[in-house]
Amino acid sequence: KVAIKGIERELICPACKELFTHPLILPCQHNVCHKCVKEILFAFEDSFADGGSESSNQSSPRIRISASSMDRIDRINRSGIKRNSLTPRSTLFPCPSCQRDIDLGERGINGLFRNFTLETIVERYRQAARAAVAIMCDFCKPPPQESTKSCMDCSASYCNECFKIHHPWGTVKAQHEYVGPTTNFRPKILMCPEHEMERVNMYCEICRRPVCHLCKLGGGHANHRVTTMSTAYKTLKEKLSKDIEYLISKESQVKAHITQLDLLLKETECNSERAKQEASQSFEKLYHVLEEKKSAALRAIETSKNIRLEKLQTQVEEYQGLLENNGLVGYAQEVLKETDPSCFVQTAKQLHVRIQKATESLKSFRPAAETTFEDFVVDTAKQEDILGDLSFHSNGLEIPEINEEQSRMYNKALISWECPGKTDSADIYVLEYHKLNKEEESVTWQKTEVCGKSKVLSDLDDDSSYAFRVRGYKGSICSPWSREVIMRTPPAPVFSFLFDDKCGYNSEHLQLNPRRTSVESRAGFPLLLGSERLQVGCYTTLDYIIGDTGIAKGKHFWAFNVEAYSYLVKVGVVPSNKIQKLFHNTHDVTSPRYEQDSGHDSGSEDAFFDSSQPCTLVTLGMKKFFIPATPAAPKDPGSRILPLPSCLGICLDCDRGRVGFYDAGCMKCLYECEVDCSGSMYPAFALMGGAAVHLEEAVTAKNREYHGDI
């Protein structure tokens, strides 16, 4: 028999740190008081409404939400998991035991089971703790009598007289189940929280919770593996009994471990004191160095001050001597009174030189010393940065590395990183970044704390390069900084659009995905039948598709991916007044006379062909990017062929009348030309044969962030 007072630790709610009251079983199998679950959910909802958790943490005097739990609430709030009318409602609950964010489903708290077994054990503990304090009758007139029994069907306690009155012989109530006095009333039958009129009679092995037959037939457990309640009861009880017997048989080993842990506690205390002394000595050394530097700086300033004051005082005395009847002037006036020529000349020669110097100094007055001490300003900016990074470094903490393949710049910056090893991972990461500017001498890093291994940044300037670095923290220990990675933002704000499925869209040759973000040309049987009717010298025409939004002014950028298997794709822009001409253009762009080796690629033909095109397009295909043949382009055809970037971007500047084609991975311009922007401009694409184009998704969409403007 286990002493009831020895299990108090198992009966404490992790949220309120008190004995459980109506505990609920979470999907992670941890228990939390019913009231605590509601209060945590209220604090969680308030964090979305208020944008923080500082005020909501004080909403209840009973609950004590830990700082880590509130940090996780803030993290979920920042992560972009937001509800809106278009998505099904789902309740997230930060479990105070396992520190994970648990999904309670659409029913939320109403879908949780009450742990009656734990509730019964808590009640037995309460009775043992209060030494059988009397439970009073619920029906006696004042003053109430001590109860002698409790009815489990009525959920009330009675004295002998009241029990006879409310449970008369020969009635249905006389058959009620009664026990000794208690305040813990549990139902005889456990009902399903999702189907309130059904009793649970099965156990879901996947979700590890009791379910009813409706849950299995058409509910959330339809495809889960279930067993009967009696089988689950027998199996779990056997496993639990066997595990308990094993632990009891290892009592000597447990005691040995406890002894070892006690020694480790003492050793930890000693080592921590030693670490404190070493840290204090290190800082004392820094204090000593700073005190020496401070004393030396103050001495230098004091010495310079004394020298300057002495020079200025001497200069003051010299100028005072120039006053009448004072100093040099007074002495010269006395010399002038000499009447003996020989004596006068003997004295006046040297005196005249001094008078001349005084006259010259009076004409060009200049202080003998500077009054400013600009040379004695101590620049401590670098030292402050170094001291700001002063922390405990550990060789065991992995140095994170920024993953340049997963990181990208688009409408926002997504920076992702990973650790080479999986052990001793950090609890939190600090991401720093700054804009590269050659004019700035000192670098000011912007800092942000991240709980995961990726971060979305939205405050970056267009057409700018940024340096990024990251380090991990585990408590007060941090890793060294990662290698700096430089990335460049798009040359203009990102322009959002979808493929237009109405204007000129050829559904026989082109196929759009439901979201209208990808288009694929069908090089199938209809195209084969069309080619069969054509004669030698003409293969087929391009199938065009445009964006559903136009651009009238400003500078804009958009990006897309072209599948590697694509045979021929053309991308660019088309003005609104030439869209009809684009879709009705009968020019044979794939005629052999335009092929490189056909013998018909004369300059006059190219000029006629370029001038006849209704839009500005460049050619892609077979993993190549073809720079158009222009007078400024290289004459060698081989030098006009570049490898096709994994992501291609287009920048349209309507104000300057120019369009540029970029490698969107590094934001490098591959080709730029003039374009007529007299009307609204639309993104244009053309495909032939097997080809596919995918529009680049916004960073917010891939990170599950919801914004009303998307």
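Every number here is computed from the coordinates shown, using simple stated rules; none is lab data. Quick caveat, the model's predicted, so the values are computed rather than measured. Using ideal geometry, Cβ is built from the backbone for each residue, glycine included, and neighbour counts are taken over all protein chains shown.
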Quick one: how many lysine pairs does segment 114-245 have with C-alpha atoms less than 27 Å apart and a gap of 8 or more or different chains? Give me the count, please.
-> 17
Give me the distance between the Cα centres of segment 213-236 and segment 611-685, rounded to whole Å.
-> 61
Distance (nanometres) between label positions extended 7 Å along Cα→Cβ at residue 382 and residue 501 = 6.1
Proximal lysines to residue 474, defined as alpha-carbon separation beneath 20 angstrom and excluding residues fewer than eight positions away on the same chain = 276, 422, 447, 453, 455
What is the distance, in nm, between label points placed 7 Å from the Cα along the Cα-to-Cβ direction at residue 141 and at residue 331?
-> 12.6
Extension gain residue 668-residue 214, at 0.36 nm per residue separation less the Cα-Cα distance, in nm?
-> 157.5 nm
Excluding residues fewer than 8 places away in the same chain, name every one of the lysines whose C-alpha is closer than 29 Å to that of residue 553.
-> 412, 435, 502, 570, 578, 581, 668, 702
Rounded FRET efficiency, nearest 0.05, which uses the C-beta distance separating residue 110 from residue 205 and R0 of 30 Å | 0.80
Contour minus end-to-end for residue 344 and residue 465, with contour as 0.36 nm per residue of separation and end-to-end as the Cα-Cα distance?
-> 35.4 nm
Just subtract the alpha-carbon distance of residue 427 and residue 403 from 0.36 nm times their residue separation and send over the number in nm, one decimal.
-> 6.7 nm
Would you give the gap between the C-alpha center of segment 25-41 and the C-alpha center of segment 367-389, rounded to a whole Å?
-> 58
Which of the lysines could be linked to residue 337 by a straight reach, that is with a Cα gap under 20 Å, when you skip same-chain ones fewer than 8 residues away?
-> 349
At what distance in nm do the modelled label points of residue 229 and residue 416 sit from each other, each positioned 7 Å from its Cα along Cα→Cβ?
-> 4.7
